[in-house]
1. Which one is most open to solvent (accessible area, probe 1.4 Å) among residues in region 287-307 that are at pLDDT 95 or above and closer than 22 Å to residue 270 by Cβ?
2. Quick check on region 166-183: of everything there that is open to solvent by 20 Å² or more (accessible area, probe 1.4 Å) and assigned to a loop (DSSP other than H, G, I, E, B), which residue is nearest to residue 2 (Cα to Cα)?
3. Scanning region 8-28 for residues that are at pLDDT 95 or above and open to solvent by 20 Å² or more (accessible area, probe 1.4 Å), which turns out nearest to residue 134 (Cα to Cα)?
4. If the requirement is being in a strand (DSSP E or B), open to solvent by 10 Å² or more (accessible area, probe 1.4 Å) and among the aliphatic types (A, V, I, L, M), which of these qualifies: 268, 310?
5. Looking at 173, 212, 150 in this structure, which one is farther than 14 Å from residue 107 by Cα and modelled with pLDDT under 95?
6. Only one of these is within 30 Å of residue 222 (Cβ to Cβ) and open to solvent by 70 Å² or more (accessible area, probe 1.4 Å): 186, 114. Name it.
7. Restricting attention to region 272-279, does a residue exist that is free of Cβ contacts under 8 Å to residues at least 60 places away in the same chain, under 16 Å from residue 315 (Cα atoms), over 20 Å from the mean Cα position of the chain (by Cα) and buried (at least 21 other Cβ atoms within 10 Å of the Cβ)?
8. In region 189-204, which residue that is out of contact with any Pro (no Cβ under 8 Å at 6 or more places or on another chain) and open to solvent by less than 40 Å² (accessible area, probe 1.4 Å) is farthest from the ligand (Cβ to nearest atom)?
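The values are calculated or read from the model by the stated rules, or taken from the named source; none is laboratory data. The structure presented is a predicted model; accordingly, all values stated were derived computationally and were not measured. As a convention, Cβ positions derive from the backbone with ideal geometry for all residues, glycine included, and neighbour counts pool all protein chains shown. The accessibility values were calculated without ligands, DNA or RNA, using every heavy atom of the protein model including side chains. Shrake-Rupley method; radii C 1.70, N 1.55, O 1.52, S 1.80 Å.
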Amino acid sequence: MARALAMVSGGLDSILAAKLMKDQGVEVIGICFKSYFFTPDNAIRMCKQIDIPLEVVDFSEEHFQMVKKPKHGYGKNMNPCIDCHAMMMKYAGELLEKFNGDFIITGEVLNQRPMSQNKRSLDIVKKESGFKDKILRPLCAKNLEPTDMEIEGLVDREKLLDISGRSRKIQMELAEKFGIVDYPSPAGGCMLTEPNYSVRLKDLVNNKDEIESKEIGLLRYGRHFRLGEGCKIIATRTEEESKGIKEFITNRDIIFFPKDFSGAMVVIVGEANEEDIEFAAKLSGRYSKGKNEETLEIKYGKFGKPMKNIIKVSPAEEEEMRKYIINC
Ligand code: SF4
């Protein structure tokens with residue numbers, strides 16, 4: 001029996017590709033990736049639905065280095081899809097030996113995405129992965145030249161598909177046929193495709209040479225304000241964000257809360273001077289129930305320590321905030 005490693009993104013297409021192969025009698029093992037910008041959660045869910053094992057590869061650091069300077073550039077936002085796919089395929093190719101696999105399956109569909117899934121891009125990805133003869137794209141294989149796996153009879157080309165373009169009709173019909181009911185929307189899952197997140201990431205990359213993983217983690221939460229190269233303020237928008245952000249801040253960071261009102265959690269990440277502290281306090285006032293007060297008291301201190309300091313400020317003005325806010 002042939003054995004294949006299926007690159008499972010967590011979306012519908014890749015799981016359909018894996019399922020098509022499984023139904024051809026190929027033994028399929030899922031591979032998915034964990035980075036600073038996406039998690040394996042969806043892939044885990046999807047693999048359960050077609051009952052295949054899953055190997056999770058954490059390539060966060062190497063992936064981030066690529067995201068900073070992708071050879072083939074970005075898509076609409078900070079998503080370097082061509083380089084990202086090639087990197088995933090390279091990893092999958094290297095795992096073929098470990099799993100004694102014959103080839104790799106992907107869920108790519110010709111012309112589904114104008115930039116990263118046209119014929120030229122698919123060829124680049126294949127070539128750059130270093131495993132170009134081991135890649136099978138079951139959903140659009142009939143639109144492409146036959147692969148060695150088809151020629152050698154490891155898989156039946158007749159049972160492969162010829163999907164092309166952006167319509168999701170065939171995929172949705174297949175999902176129904178296979179009983180796959182729980183799948184995310186096509187764009188979901190990767191933070192690099194989100195415009196606001198991308199702007200914040202770009203700001204981070206442009207402002208710092210040495211970036212800590214916690215700084216990337218923090219990009220997911222709140223409104224961000226850039227005060228200087230090494231100093232940034234984050235103001236959370238919801239209670240959930242206030243909880244989430246605590247996973248990434250340390251006792252080097254300063255947190256702010258209004259003394260007499262409920263409000264957002266405001267954090268200074270990095271080195272701060274007196275002016276930065278004052279502005280953070282003003283933001284804390286602005287994003288609180290006391291935003292219409294003329295002045296209010298804000299308590300602050302290093303995260304995890306007693307908040308012994310109090311500063312009296314007026315809530316930040318719109319114009320002042322616009323000067324520093326990072327968004328698109
Ligand atoms: S959408 Fe994100 S995870 Fe998918 S290929 Fe592009 S950069 Fe990589």
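1. At the first step, the residues of region 287-307 found to be at pLDDT 95 or above are 287-303.
Subset that is closer than 22 Å to residue 270 by Cβ: 287, 298-303.
Values: 287: 45, 298: 0, 299: 68, 300: 41, 301: 4, 302: 94, 303: 47 Å².
It comes out as 302.
2. 179
3. 27
4. Working: 268 fails: open to solvent by 10 Å² or more (accessible area, probe 1.4 Å).
Selected residue: 310, the only one of 268, 310 that is in a strand (DSSP E or B), open to solvent by 10 Å² or more (accessible area, probe 1.4 Å) and among the aliphatic types (A, V, I, L, M).
5. Values: 173 fails: modelled with pLDDT under 95; 150 fails: modelled with pLDDT under 95.
Residue meeting the stated conditions: 212.
6. Working: 114 fails: within 30 Å of residue 222 (Cβ to Cβ).
Result: 186 is the single residue among 186, 114 that is within 30 Å of residue 222 (Cβ to Cβ) and open to solvent by 70 Å² or more (accessible area, probe 1.4 Å).
7. We begin by selecting, within region 272-279, every residue free of Cβ contacts under 8 Å to residues at least 60 places away in the same chain; these are 272-279.
Still in the list and also under 16 Å from residue 315 (Cα atoms): 275-279.
Remaining after also requiring over 20 Å from the mean Cα position of the chain (by Cα): 275-279.
When the remaining residues are screened for being buried (at least 21 other Cβ atoms within 10 Å of the Cβ), the result is 279.
Checking region 272-279: at least one residue is free of Cβ contacts under 8 Å to residues at least 60 places away in the same chain, under 16 Å from residue 315 (Cα atoms), over 20 Å from the mean Cα position of the chain (by Cα) and buried (at least 21 other Cβ atoms within 10 Å of the Cβ).
8. From region 189-204, those out of contact with any Pro (no Cβ under 8 Å at 6 or more places or on another chain) are 189-191, 193-204; that's our starting set.
From what is left, the residues that are open to solvent by less than 40 Å² (accessible area, probe 1.4 Å) are 190-191, 197-198, 200-201, 203-204.
Values: 190: 3, 191: 8, 197: 11, 198: 11, 200: 16, 201: 12, 203: 18, 204: 17 Å.
By that ranking, first place goes to 203.
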